[in-house]
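Presented below is the structure to which this report refers.
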Amino acid sequence: MKKSILTVLVILMAVVQSCRDAGEKLSTAGNEYVASLQQITSTFSRLSSIADSLSAGLSETEKERAGFFLASAYSLVMESYVEKGDPADPGLTEWMSPTRKFGGDNPYTIYTQAPVDPSFVYRLTGRDGNAVYLGVQVYGFAQGFNLATANLGLKDIRTDADGSFTIYLSAVRPENVLNWIPLTSGDHAFLVRQYFRDRNSIIPSQLKLERIDSVQKTGISYLERLKRAEKMLHEYILGAIDINSLLRENAFNSYPSKEAQVRAPKYGGALYPTKDNKYEGCWVSLKPGEVMNVHGFLPKKTLYASYVFYDRWYNTPNYRKINSFRTMDEIVLNSDGSFDLYISPEKIDHPNWIDTGGLYEGSYSSRYMLSEETVFPDIKVIKISDVKKTVNE
């Protein structure tokens, strides 16, 4: 059963208000830490009702994906904001795993997050793996959104002879350091992104983060971290739903019109932009016997490109078992140098079939990394019977 945009927005507003009301009513525990955990549980329960409503009447596969989305968001928030959320004693959180995904994960890309505070000095060390790209992006806040501030990418990171590197993050550059990322007022976190081309031979960089200053400043208390986690559940869960509702509204089986007045997402805390990537995408809605055809040419002067299908919660299906994506290195070209990808839950007799894992709705995204390209492939819904079979195999 499909939900209209208006219905989705009404549900969102109702659940948000319900969560706010719960905050006023719920505090029966004498232990304030227990009370905060009760609040997180109550908020999560109410937010989960959105997924329950939006998956009502859908297939068992869709219902399972809803559960996976909620479990992933909860797991990520609790690890990154509670367990490892103190910038005075930071820990590295790897966002995705076979059992946890979030927010437009790119297959075989490793995202590692840590909190920061410009009052402190951090040292990030690692040893080169075989990533085609490694970059560190620092984030501040701007009107509730994550603002990409300083960045250090692979081509600018100076390594030792053995491939190891050391990066410092601080407000003032330490003396005689090769790699430094400035921290400014309001910066709160950084993400390390590692992109890999060959899904069968991934060697990640082994990262370690330390605080190396002697600043006597209290970090974020455990109680405050619990409160932040409750807030971020709103951002992460409602944000993912809001992003896809925007796609349904403005890019239904086609790219959004350049003249369209597109509403910005309301829950910006779930978005972590980077200036190194370019994106284009749409909402995918197929009927039995239909397929989305992605046709174009591989981007020129581009370090990396991926073409990915996501479920309605902005997570990939299980790409370790099915081919729910292609990178630019995995696409079989046509005789004229172009390519055709075919996105469908029904098996397509073509080497560039992108399997949705039984899903007829979701979203599609093209991603170009460090690219001069401005043209993305064309997209359209066609009949499976019209799939072209001629390729350079």
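Of the chymotrypsin sites (Phe, Trp or Tyr not before Pro) found in the stretch 278-348, those in coil by DSSP whose Cβ has at most 15 other Cβ atoms within 10 Å are Phe297. Applying both filters, DSSP loop and at most 15 other Cβ atoms within 10 Å, to the trypsin sites (Lys or Arg not before Pro) of the stretch 174-260 gives Arg199, Lys217, Lys258.
For the stretch 273-386, DSSP calls about 90 percent of its internal beta bridges antiparallel. If you look at the Cα atoms of the stretch 281-323, you get an Rg and a Dmax of 13.0, 38 Å.
Tell me the net charge near Ser254. Cut-off is 10 Å between Cβ atoms, Ser254 excluded, with +1 for each Lys or Arg and -1 for each Asp or Glu. All intermediate terms of the calculation are to be shown ahead of the outcome.
On the way: positive: Lys380; negative: Asp378.
Taking every other residue near Ser254 into account, the sum is 0.
Share of Cα-Cα pairs in the stretch 141-224 beyond 14 Å, in percent? Result for the distance tail: 75 percent. Which GluC sites (Glu not before Pro) in the stretch 69-176 sit in a loop by DSSP (not H, G, I, E or B) and have at most 14 other Cβ atoms within 10 Å of their own Cβ? Taking the stretch 69-176 and a limit of 14 other Cβ atoms within 10 Å, the loop GluC sites (Glu not before Pro) found are Glu175. Using the Cα centre of the chain as origin and beta-carbon charges of +1 (Lys, Arg) and -1 (Asp, Glu), tell me which of Gly296, Gln137, Ser164 is placed farthest towards the positive end of the dipole. My answer, from the dipole projection, is Gly296. Sort largest first and round to whole Å: the equivalent ellipsoid semi-axes of the stretch 273-386, each the square root of five times a Cα gyration tensor eigenvalue. Taking √(5λ) for each eigenvalue gives 22, 17, 12 Å, largest first. Relative to one another, the C-alpha centroids of the stretch 113-150 and the stretch 271-306 are positioned 25 Å apart.
Among residues other than Gly104 with Cβ under 12 Å from its Cβ, the summed charge is 0 (Lys and Arg +1, Asp and Glu -1).
Bridgeable aspartates and glutamates around Lys258 (alpha carbons under 19 Å apart, same-chain partners fewer than 8 residues away excluded): Glu249, Glu280, Glu373, Asp378.
Ignoring everything except DSSP H segments at least 4 long, calculate the 222 nm mean residue ellipticity for the chain; use -39,500 (n - 2.57) per segment, divide by total residues, nearest 500. Kindly include the intermediate steps, with their values, before the conclusion.
Numbers: 5 runs with 86 residues, N = 393.
Result for the chain: -7500 deg cm²/dmol, rounded to the nearest 500.
Any idea what the dipole of the chain comes to, in debye rounded to 20, about its Cα centre with Lys/Arg Cβ at +1 and Asp/Glu Cβ at -1? The calculation lands at about 360 debye.
Quick check on the stretch 76-191: take the gyration tensor over C-alpha atoms, sort the square-rooted eigenvalues as a ≥ b ≥ c, and tell me if it's rounded (a/c under 1.5), prolate or oblate. Mind dumping the intermediate values first?
Working: a/c = 1.67, a/b = 1.10, b/c = 1.51.
It is oblate, given that a/c is not under 1.5 and a/b is not larger than b/c.
With unit charges on the beta carbons (Lys and Arg positive, Asp and Glu negative) and the dipole taken about the Cα centre of the chain, which residue among Thr43, Pro174, Leu152 sits farthest to the positive side? Farthest along the dipole direction, towards plus: Thr43. The aspartates and glutamates within cross-link reach of Lys208, meaning a Cα-to-Cα straight distance under 15 Å and a gap of 8 or more places when in the same chain, are Asp89, Glu94, Asp128.
What does the charge dipole of the stretch 273-386 about its Cα centre add up to, to the nearest 20 debye, if the Cβ of each Lys and Arg holds +1 and the Cβ of each Asp and Glu holds -1? Can you show the working numbers first?
Numbers: 13 positive and 16 negative charges, 60 e Å.
I would put it at about 300 debye.
Orientation-averaged projection of the chain equals 21.2 nm² [convex hull of Cα atoms, one quarter of hull surface area]. When peptides 53-64, 360-371 are ranked by their average number of other Cβ atoms within 10 Å per residue, the highest-first order is 360-371, 53-64. Simple rule: put +1 on each Lys or Arg Cβ and -1 on each Asp or Glu Cβ in the chain, find the dipole, and look at Asn31, Tyr368, Leu207; the Cα lying farthest toward the positive end is Asn31.
Calculate the all-directions average of the projected area of the stretch 105-158's alpha-carbon convex hull, and give it in nm².
Hull-based average projected area comes out at 5.1 nm².
Any read-out appearing in this document is the output of simple, stated calculations on the displayed coordinates, not a laboratory observation. Everything numeric in this text was worked out from a predicted model, so none of it was measured. Here the Cβ is made from the backbone with ideal geometry for all residues, glycine too, and neighbour counts use every protein chain on show.
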